[in-house]
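Since the structure comes first, as structure tokens, the remarks are kept for the end.
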Amino acid sequence: MKIAVIAGDGIGKDVTAEALKVLKAVGEKFGRRFDLEQLPWGADHFLKTGESLPPNGYDLLRQCDAIFLGALGDPRIPDFGYARDILLGTRFELDLYVNWRPISLLDERLCPLKGCTPADVNFVVFRENTEGVYVNIGGRFKAGTDDEVAIQEEINTYKGVHRIVRHAFEYAKANGLTKVCMADKSNAMTQGHALWQRVFKELAPLYPSVTATHYYIDALAMYMVLDPGQFEVIVTNNLFGDIITDLAATFQGGLGMAASGNLHPGKTSMFEPVHGSAPRFAGKNIANPIGAIGSMALLLETLGAKQEAAAIDAAVLRAVKENQVTSDIGGTLGTREAGDFIAAAVLTMRSDE
Ligand SMILES: NC(=O)c1ccc[n+]([C@@H]2O[C@H](COP(=O)([O-])OP(=O)(O)OC[C@H]3O[C@@H](n4cnc5c(N)ncnc54)[C@H](O)[C@@H]3O)[C@@H](O)[C@H]2O)c1
């Protein structure tokens, strides 16, 4: 497997080192070779060379089987332009239309919701990843004056909505799940979100084994907190998905625990922890590496290495159960020591554990 690795900035570098450590352990345990293409893209590279990524950068990524990204963002470059080129650029150029965010609680003590157990927090969010307000269409008129007008368009296409909603139903069917909930704001956004309603109603009858439900996004946010156990698969647009998955990450123990994939099924896809570069924590051996390590498991699972992915998940569960974790989730270990524990657990775990 050829994997492009962009460690990026801040704690992205710290957590990527741990994800690669665990990947090495997986390679040893299962006799697999991973060919890593380490790419230096990020703030330092931009400040040194003036380029976010080289002209053939996206092609370089396309030639790999998968991409692993740490995180991007650096206070020296407040406009985030170079990071947008790398992160959003890759999502758009490689047409990674599925943002896949599994939400599972590994231990009751990590959840801030009263009385919630792992059985209550186990669902998947699919966020549309290539349209919505993130296409950056709009403009500012009379900028900087009292008459300023700012327009930011939201794009919803039939093709774009159809393929993400279909993916949610297909995922449910393939994984024996019986519930898909679509969230929009069609009561207020009566044009764009009428399209989501149309597509959802077109697709739902094609999946008779799945119960299709709908919430407006504001109600969904409330029900996620009140009764997360009712959800199995949630599908929503780019902006709403961005917001609710950070909320959902808190159910798992915080941003440090959350993993994600940016997929174009069948093509090169990108995997990254949900968190950003947390510059205050960078290089201090504080950051929780579990979100990054979990993202590596999603990468392996997507490439068909299911046993390897399961071994990582089991090792992470052991680390959480034995509290061999970083301080954000109640442990005393540093980033590197938490990574060491998980890598060692991968190597020593029996297949029935
Ligand atoms: N995908 C990405 O690369 C991505 C995502 C979000 C933000 N960003 C960028 O990252 C930079 C910092 O953004 P931010 O501070 O809003 O978000 P952030 O996710 O970097 O950090 C927010 C807070 O969450 C906690 N946190 C995050 N990751 C953690 C981890 N692994 N372990 C323990 N605690 C963790 C910390 O308390 C941190 O202060 C900005 O430049 C932002 O644009 C990048």
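Side notes on the structure shown:
- Enumeration of residues in the stretch 247-276 that are open to solvent by less than 20 Å² (accessible area, probe 1.4 Å), within 12 Å of the ligand (Cβ to nearest atom), in contact with a strand residue (DSSP E or B) (Cβ under 8 Å, 6 or more places away or on another chain) and among the aliphatic types (A, V, I, L, M): Ala249, Ala258, Ala259, Met270
- Residue tally, condition assigned to a loop (DSSP other than H, G, I, E, B), open to solvent by less than 60 Å² (accessible area, probe 1.4 Å) and farther than 30 Å from Arg318 by Cα, over the stretch 92-142: 7
- Residue match in the stretch 172-186 (condition: part of a strand (DSSP E or B) and open to solvent by 60 Å² or more (accessible area, probe 1.4 Å)): yes
- Condition broken by Thr348, with the remaining ones in (1) within 12 Å of the ligand (Cβ to nearest atom); (2) polar (S, T, N, Q); (3) more than 19 Å from the chain's Cα centre (by Cα) satisfied: (1)
- Among the residues of the stretch 309-353, the ones that are open to solvent by 60 Å² or more (accessible area, probe 1.4 Å) and touching a residue at least 60 places away in the same chain (Cβ under 8 Å) come to 6 in all.
- Of all residues in the stretch 58-91 being open to solvent by 20 Å² or more (accessible area, probe 1.4 Å) and not in a loop (DSSP other than H, G, I, E, B), the one that is nearest to the ligand (Cβ to nearest atom): Leu87
- If the condition is being out of contact with any Asp or Glu (no Cβ under 8 Å at 6 or more places or on another chain) and touching a residue at least 40 places away in the same chain (Cβ under 8 Å), then the stretch 287-307 contributes Ile290, Gly291, Met296, Leu298, Leu299, Thr302, Ala305, Gln307.
- Hits in the stretch 74-113 (condition: over 23 Å from Asn56 (Cβ atoms), at pLDDT 95 or above and out of contact with any helix residue (DSSP H, G or I) (no Cβ under 8 Å at 6 or more places or on another chain)): Glu108, Arg109
- Residues of the stretch 213-246 classified as within 16 Å of the ligand (Cβ to nearest atom), open to solvent by less than 50 Å² (accessible area, probe 1.4 Å) and under 23 Å from Leu203 (Cα atoms), total: 2
- Note on the stretch 277-297: residues that are within 9 Å of the ligand (Cβ to nearest atom), in contact with a strand residue (DSSP E or B) (Cβ under 6 Å, 6 or more places away or on another chain) and either over 23 Å from Gln63 (Cα atoms) or modelled with pLDDT under 95 (or both) total 3.
- The residues of the stretch 266-286 that are closer than 22 Å to Val98 by Cα and in contact (Cβ under 8 Å) with a residue 60 or more places away in the chain, listed by number, are Lys267, Thr268, Ser269, Met270, Phe271, Glu272, Pro273, Val274, His275, Gly276.
- Residue in the stretch 40-50 that is surrounded by 14 or more Cβ atoms within 10 Å (Cβ to Cβ), among the small types (Gly, Ala, Ser) and either farther than 16 Å from Phe271 by Cα or more than 10 Å from the ligand (Cβ to nearest atom) (or both) present: yes
The values are calculated or read from the model by the stated rules, or taken from the named source; none is laboratory data. Predicted model, so just to flag it, every value in this text is computed and none were measured. Neighbour counts are summed over all protein chains in view; Cβ atoms, including those assigned to glycine, are modelled from backbone coordinates with ideal geometry. Quick note on the areas: whole protein, heavy atoms, side chains included, nothing else; ligands and nucleic acids left out. Shrake-Rupley method; radii C 1.70, N 1.55, O 1.52, S 1.80 Å.
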